[in-house]
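Here the structure comes first, spelled out in structure tokens, and everything after it is commentary.
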Amino acid sequence: MVTIGTLRASGNNVVRISPGFTIDDNLVEERFIRAGGPGGQNVNKVATAVELRFDAGRCEALDGDMRFRLARLAGNRMTIDGILILRAERFRTQELNRRDARYRLVELLRRARVVPKKRIATRPSRASKERRLKSKMHRSGIKRLRRLKPDMS
């Protein structure tokens, strides 16, 4: 598991995503809510699940391309306003769920930082075209033989 550290920088807390890349902790908001599922009386009394909200729209560390990649990775978890909502309720304690939600946020941001490689268009070789056509002819021959009914007279 990756450790998620917070640093002090000019009076504000920041979350370190990777070396040289941090986000302002003021853009991350956590609310504790009741978790669903089994758990008896404890689940009805204690708010152990965490709803983490990250305001990607206001985050200056994200450029336009990274914001777009984050939105694609997040899918329905990102609102139209650019707020990423992560819900963590795997564990029975607030602290573990809080750590899990922050870990998932950091992993999403790390994945969004990676610029995908451009696909280089290539053309199939002449030999590969011939192999493909030969296999198609072979397959059609097999199917043609299946269609012919033997004469029983």
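Quick note: the coordinates plus some simple rules give every number you see, no bench work behind them. For clarity, every value in this text was computed on a predicted model and none was experimentally measured. Cβ coordinates were reconstructed from backbone atoms using ideal geometry, including for glycine residues, and neighbour counts include every protein chain displayed.
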Whichever lysines have a C-alpha closer than 24 Å to that of residue 136, once near sequence neighbours (fewer than 8 apart) are set aside: 149
Derived scalar couplings ³J(HN,Hα) [segment 51-68; Karplus, 6.51 cos²θ - 1.76 cosθ + 1.60; whole Hz; x for Gly, Pro]: 10, 9, 10, 10, 7, 5, x, 9, 6, 6, 6, 9, 8, x, 5, 5, 5, 5
Rank these for me by crowding, 34, 99, going from fewest to most other beta carbons within 10 Å. 34, 99
How much net charge surrounds residue 34 when only the other residues with a Cβ under 14 Å from the Cβ of residue 34 are counted, with Lys and Arg +1 and Asp and Glu -1? +2
In sequence order, calculated HN-Hα J values of segment 86-92 (Karplus, 6.51, -1.76, 1.60; Hz; x Gly/Pro): 10, 10, 10, 9, 5, 9, 9
In nm, give the distance between the simple-model label positions of residue 111 and residue 45, each being 7 Å from the Cα along the Cα-to-Cβ direction. 3.8 nm
When you count, for each residue, the other Cβ atoms within 10 Å and take the mean per peptide, how do 130-139, 46-55 rank with the highest first? 46-55, 130-139
